[in-house]
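First up is the structure itself, then whatever we jot down about it.
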Amino acid sequence: MGFFSYLVMPHEHVPEYGLESSLSVHSQEFINSVVGACGVPVVPGNKLAVMNNGDQFYPAMLNAIASARNTVTIEAYIYWKGEIGMRFANALAERRRAGVEVKLLLDAVGSSTIGKEILKVLKDNHCDVVWYNPLRLRTLGHYNNRTHRKSLMVDGRIAFTGGAGIADHWSGNAEDPQHWRDIQISVEGPAAFGLQTGFAQNWLDTTGELIAGEGYFPVCDETGPTGVQTILSTPESGSSAVRTMYYLSIVSARERIFIANPYFIPDDAAVEILVEAKQRGVDLKIMVAGIYNDMRLSRYSSIHLYGKLLKAGIEIYEYNRTMMHQKTMVVDSVWSTVGTANFDNRSFALNEESNVCVHDPDLAGELEKIFRNDLTACEQVTLESWSRRGWKTRFLGAVCVFLKQQT
């Protein structure tokens, strides 16, 4: 048991000090601090688009693939068999036959159900398919490290990321429990390099192949007015850049914080800074996956931790139309992040993650509008209703919190 715990326990340097609210999200000092603490610059000159649900983002992604002239790269935690998976496979195969380099880095656990038919289409057309961190004796100590990224890059000029993988349950428009609610964002311009960099690093680590050149890292002209910071988080660094960004954003809030995250399991430090934000007058709303939750472990853990937040006056909403899967945060109507990281220990300490961050009131306003609209499909959790939860929920919550802290 001790050896197993050694293998699965995260070895992350979690911020314990310096979490004071001395900055304002509106200030240049805040931007400089995020850049310095996370080690990623803000890249100007980009055009962004926010897409809701598969009816919007899958056509945009497939159209981008069809436009590829040099390279298509995908890093994905989930690529499953089904209609959507086959549509992507056929689109990638067509581009490969046209002479485009196609490389897929798929997580060996998350994408294990991709199916033989899709793999045959990809491999018969000479697409490069590589598995990230398969179970091997020599990598046993790192087996709990997964790539949770969902990135698509085309010609190094346009990139997509967000909560959605490639699977049928992301199709549609979140109209029922069989069609999930999610958000993707596209970045067109010089900042597409950020997600491509994450792919290139993990491709190199996995295959030993260095990808370089104009096809992957072209000279990009400015396509829009927006500066973008792409934060790549990896356990190899010893600390989570995404966790740092989240915590620094929360302590720097002055007006409001809207967090949408399906698996919301804050550690003690996160609970403390959220409560402190509420105490200094911040309007703090948290939206989580409700009754339609594909991870019961996360569901019970999250419920168990509601208490301190509710007692502080923080508003918690459970999305109950279908499985809610987006990972977004908007702070003070100016600072936004959209990405792959869940608000839990696994994403912060064990997974490869990527988040696109933007200091722009227009994007923040769009995401706030989406958040408020999603509230209509939610049920607010009150302190009274939480206090009346049954013994089964209480017991499972305590057990699940312990287990989630270990994995």
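The values are calculated or read from the model by the stated rules, or taken from the named source; none is laboratory data. Keep in mind that what you see is a predicted model, and the values were worked out from it rather than measured. Cβ placement follows ideal geometry from the backbone for every residue including glycine, while neighbour counts extend to all protein chains displayed.
Hey, among ALA68, ALA93, ALA60, ALA98, which residue is touching a Cys at 6+ places or on another chain (Cβ under 7 Å) and more than 26 Å from TYR246 (Cα to Cα)? Testing whether each residue is touching a Cys at 6+ places or on another chain (Cβ under 7 Å) and more than 26 Å from TYR246 (Cα to Cα) leaves just ALA93.
Scoring VAL35 on the criteria (1) surrounded by fewer than 17 Cβ atoms within 10 Å (Cβ to Cβ); (2) β-branched (Val, Ile, Thr); (3) in contact with a Cys (Cβ under 6 Å, 6 or more places away or on another chain) leaves a single failure, condition (3). Checked against (1) under 17 Å from the mean Cα position of the chain (by Cα); (2) within 19 Å of ALA253 (Cβ to Cβ), GLN326 meets all criteria but (2). Report whether or not GLN184 is modelled with pLDDT of 95 or more, within 19 Å of the chain's Cα centre (by Cα) and part of a helix (DSSP H, G or I). For GLN184, the condition - modelled with pLDDT of 95 or more, within 19 Å of the chain's Cα centre (by Cα) and part of a helix (DSSP H, G or I) - is not met.
So that you can scan it fast, the table gives a plain yes or no per residue for (1) crowded, with 21+ Cβ neighbours inside 10 Å; (2) touching a Ser or Thr at 6+ places or on another chain (Cβ under 9 Å); (3) more than 23 Å from HIS179 (Cα to Cα):
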residue: VAL288; (1), (2), (3): yes, yes, no
residue: ILE291; (1), (2), (3): no, no, no
residue: ARG299; (1), (2), (3): yes, no, no
residue: TYR306; (1), (2), (3): yes, no, yes
residue: LYS311; (1), (2), (3): no, no, yes
residue: THR322; (1), (2), (3): yes, no, no
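Criterion first (within 18 Å of the chain's Cα centre (by Cα), assigned to a loop (DSSP other than H, G, I, E, B) and crowded, with 22+ Cβ neighbours inside 10 Å) does ALA174 satisfy it? Against the criterion (within 18 Å of the chain's Cα centre (by Cα), assigned to a loop (DSSP other than H, G, I, E, B) and crowded, with 22+ Cβ neighbours inside 10 Å), ALA174 does not qualify. Answer with yes or no whether ARG389 is surrounded by fewer than 24 Cβ atoms within 10 Å (Cβ to Cβ), within 22 Å of GLY290 (Cα to Cα) and in contact with a helix residue (DSSP H, G or I) (Cβ under 8 Å, 6 or more places away or on another chain). So ARG389 passes the test.
Apart from one condition, VAL271 fits all of (1) farther than 28 Å from PRO41 by Cβ; (2) surrounded by 22 or more Cβ atoms within 10 Å (Cβ to Cβ); (3) in contact with a helix residue (DSSP H, G or I) (Cβ under 6 Å, 6 or more places away or on another chain); the exception is (2). Taking the numbered list (1) closer than 29 Å to ALA289 by Cα; (2) acidic (Asp, Glu); (3) more than 22 Å from the chain's Cα centre (by Cα) in turn, ASP168 passes all entries but (3).
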